[in-house]
Structure formats: structure tokens, C-alpha cells
Amino acid sequence: MRTSSGTRARRTALIAVAGLATCATLITGCSSDSGSDSGKKGNTGAGNITLHVGDFGSFGYDDKTGAALFSEYHQLHPNITIVEDNVADGQKYWDALKLHLSQGSGLADVQAIEVGFIAEATATLGDRFIDLGKAAGVDTTKWLDWKEKQATTKSGQVIGLGTDVGPMAVCYRKDLFQKAGLPTDREAVAALWAGDWAKYIETGKQFKAKAPAGVSFTDSASGVFNAVVSSQAQQYSDDQGKLIYDTSPGVKKAWDLAVESAQQGLSAKLRQFDDKGTWNAAFKNSTFATIACPSWMTGIIKEQAGPANAAKWDIAAAPESGNWGGAFLSVPKAGKHTAEATALAAWLTAPEQQAKVFAKNGNIPSTKAGLDSPAVQGATNPYFGTAPVGKVYTATAKSVTPAPIGRYDGQVKTYITDNGLLDIEQHGTSKDKAWSTVQALVKDKIDQ
């Protein structure tokens, strides 16, 4: 999952669960006993507590549009009520989480961590979290090997349980492709750009030549950047975790193609996951025809594009295999109910629950059993023309060769997308000047 205005991107929502009000601020130290709940149906009357889950975007656990896992857990544990404290912007979420971890207060019982920030967490904040690798009921061998290693500190402490991974595809509008004279069958569409993201840009130029009025080929240059860089063996950091973004061939390829998409007028110039909801509205208003589409993006498209656009979308294989996003659930030591929070995090990330979230929200499991489950393997998505989403995304998930990640990857990605590329798209800034801005921000903001 952007997983943020730069990382795992999840649905914008502030969701109250079980009829309780959520916290009024981002992360507000919500862990609490809840004696006032004693009159609830099914309540044991003893040890009633409220657990807060702090996260961002869309994890697919809620009752409104998710898999209703919080309610299910409450049925299994009537003395535990769960409240989700959800925000849209992953970067702001992470900045606030770091602050509260440093203070040892203001923390939710369970805190999500996006993959772009997990290296920073394992490198500098490991002692602030419960070691879930030693927790009762947790078997870390259930996860994809690379996923579990991402959340492991040098001393061997596991600070997060993987929620999902982000295997890449491209979601596209069949009706808009047809109007532009392009094929609409998912196999034929995938063949247009098979093997190289540069072919995706070339397809965009073909689309633009006959595009319906007011429709761009893709939503944003940052989406192009994230898609391409997620497919590269070398990204922001080297094997030792040292930032090498300015010499990385993977970052250069992604930057060059993203800039080309902006300068060729292929992008709708949107900022993904913006607080104003402009990006969300563009789905409903059909202002772009394609979007880089990790599995978690399908839930966002369905929710934002709405019933009026059902079956107009489809899913084609990406030019190159890649992974964009994914997240973890952690348990801060400063929480009041760490044992109960650990049990909740383990349950939410178990293969059975991951399969339920995938069926409802599209987030691909990060556990081996979850990926191989019949419910996932055989899954189709009616909203996307009964696309075989299970096979498309699990095949990619198993073929991913993850790039090394470093503690500053998430920050650098944000500077590139939200500063460099957005300046080019929205203000016509030159490529060289925009890159200089990115380098200056990295130099000024990151103390390596």
C-alpha cells in the first residue's frame, strides 16, 4: 500500500467502528479502558477495553466498505471494541507516528507502517516496538521471506507483521480505449506495452492522438514514476542502506519516463491521494484512461469511480513485474494493552483474514498460505469485467525480486513525486530545475 502522497496509497476515510467516535486528531493516545461499555450485548462485563488501530489509506478492515474484520473480532472477543484512526496522507501519518514514538505517548495500540518507512523503523525505532517474532501465536515463516525480512531489525527483532504486498498491473478504461482506437481485450492491451514501460508511454501517445475530449492517458506523472521504479532492481538505496538515488539507474529510468509523460501531455496533472479529494473525484469524472495499478488500487478505483463506471475498467499485465506498496502492523511498547494488541495484529494478518480483505478490497496477501488459498487463486472481480485478479496478481507477487530498501526511501520518493514531478506538471518547471529541487530537499532534510 503507498502507500502516501508518496507511499502506500489507500482509501481516504475516517471510519468509526462499532458505533464509537474515532479520535479527534491524527494519533491521540487513544488506548483506553472502556468501563462504560458494560451494557453492551454480549459484553462479558470484565476487562472491557477499546483497542485503537492507527493506519492510513485503506486497509480493508472496516465495516463500511471493507471486510468488517473489526466487527468480526468483536464478536469473537466481546470485551474488545476496536476503533480505527485512519488518515489519508501516509507521509503525514508517518511523521506524526515518529513524533509520538519519540515521546512514548499519543500512540494507538496497533500502528500500521508503510513499506517505504519500514527500513527507517527497523534501523532507528526497533526498541519502541514489541518483538512480534517472539509473540505467542505468531509464526513468521508464514510470510513471504522477503516480506518478513523487511520488518526485521539487525538484532533479529520482528517489529511488524505484513498486511499485504503490492504486485503491479495496469488498470484501464475499456470504453475510452475503444474511442481512441486502441484494443480493449486485456491480453491485447498488455501486448501493447509488454516488456518495457517505455512502450506504455508510446501507447499513451497513440491514445492522445484520438483521445476523447478532456481525457488524459494517465492520472499523474507520479503514478508513472512509482510504477516504473517499483519494477527496478536498483531503486533509492544500495545493499547497505546508503542512499544512491541520484546515481541509481532505476530511479533515472522512472524519472525520465515520468517527466516524458508530463511533458508530452499524457498526464491529468493530479496529485495522488491529495487531501482536497481532486484525485478521487477524477475517477468518477472519467478524466483519465489508465493508472498504475498495484492490487490495493483496485479497491480505490471501485470506491471512487462508483457504480456508474462498473465494468468499464479492466486490468492488464504491467510491462515489467514490480511491487508498489504493502504495509505492516506493529505494536508500540508504550501501549496500555500490548498483549491484546499483539493478538489483534496477528489475527488481522493471518492468511484467512488476508483472503477476506483481498475478496473485499483487493489487497493481495503477504502470507504464503493466503496467496495459495482457493479464495484468492480463483478470484475474479466483477467491477473489472470479471478480470482474473487472483491469478494476475499472485503470479506477479511470486515473481517479484525486491530491491534493497533504505531508511530514507519513503522521504526521497515523496520529494521526487510531490515536489519534482508535480512542479513539472502543474507549473511547467524544467526537468533540470525540478531535479535540482529534489536534490536540495534531500540534502537539507535528510541527515545521512
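The values are calculated or read from the model by the stated rules, or taken from the named source; none is laboratory data. Because the structure is a prediction, the values reported are computed rather than measured. Here the Cβ positions follow ideal geometry from the backbone for every residue, glycine too, while neighbour counts run over all protein chains shown. Only protein heavy atoms, including side chains, enter the accessible area calculation; ligands, DNA and RNA are left aside. Shrake-Rupley method; radii C 1.70, N 1.55, O 1.52, S 1.80 Å.
Convex hull volume of the C-alpha atoms in the stretch 386-429, normalised per residue: 127 Å³. In this label model, A198 and D432 are separated by 2.3 nm, measuring between points 7 Å along each Cα→Cβ vector. For the residues G166, G195, G362, a GNM of the chain with alpha-carbon springs under 10 Å puts the largest fluctuation on G195. Summarise the accessible area of the chain (1.4 Å probe, protein heavy atoms) by the percent that is carbon and sulfur. Ligands and nucleic acids excluded, carbon and sulfur reach 51 percent.
The angle between the Cα long axis of helix 90-103 and the longest principal axis of the Cα atoms of the chain comes to about 30 degrees, rounded to the nearest 10. Counting only lysines at least 8 places from K154 when in the same chain, those with an alpha carbon closer than 17 Å to its own are K134, K242. Mean projected area of the Cα convex hull of the chain, taken over all directions, amounts to 19.7 nm².
In the stretch 197-288, the ratio of gyration radius to Kirkwood radius, Rg to Rh, stands at 1.05 when only Cα atoms are counted. Relative to the 2.2 N^0.38 Å rule of thumb, the stretch 345-432 has a C-alpha radius of gyration ratio of 1.50. Taken per residue, the accessible surface of the stretch 142-188 reaches 39 Å², heavy atoms only and a 1.4 Å probe.
Let's test the formula: R0 of 22 Å, r as the Cβ-Cβ distance of K98 and N419. What FRET efficiency results, to the nearest 0.05? Taking R0 as 22 Å, the efficiency between K98 and N419 is 0.65. If both residues of a DSSP beta bridge must be in the chain, then about 65% of such bridges are antiparallel.
Among 325-334, 65-74, 288-297, 304-313, the peptide with the highest mean count of other Cβ atoms within 10 Å heads the list, and the full ranking is 288-297, 325-334, 65-74, 304-313. Rounded to the nearest Hz, the phi-derived 3J(HN,Hα) couplings of the stretch 236-248 under the Karplus curve 6.51 cos²θ - 1.76 cosθ + 1.60 (θ = phi - 60°) are 8, 10, 8, 4, 8, x, 7, 5, 9, 4, 7, 10, 6, where x marks glycine and proline. Taking a straight line from the alpha carbon of K443, these aspartates and glutamates sit under 15 Å away, with near neighbours fewer than eight places off in the same chain left out: D246, D409. Using helices alone, I'd like the mean residue ellipticity at 222 nm for the chain: each DSSP H run of four-plus residues gives -39500 (n - 2.57), total over residue count, nearest 500. Computed ellipticity for the chain at 222 nm equals -11000 deg cm²/dmol. With a cut-off of 11 Å between beta carbons, the residues surrounding L144 carry a summed charge of +2, where Lys and Arg count +1 and Asp and Glu -1. The Rg/Rh ratio for the stretch 129-206 is 1.29, where Rg is the radius of gyration of the alpha carbons and Rh is the Kirkwood radius.
Straight-line cross-link reach from K276 at under 25 Å between alpha-carbon atoms covers these lysines, not counting any fewer than eight positions away in the same chain: K64, K92, K98, K284, K302, K413.
For the chain, the longest principal axis of the alpha carbon atoms and the long axis of helix 431-445 meet at an angle near 20°. The accessible area of K431, taken with all protein chains in place and a 1.4 Å probe, comes to roughly 70 Å². The orientation-averaged projection of the convex hull spanning the C-alpha atoms of the stretch 93-235 amounts to 12.0 square nanometres.
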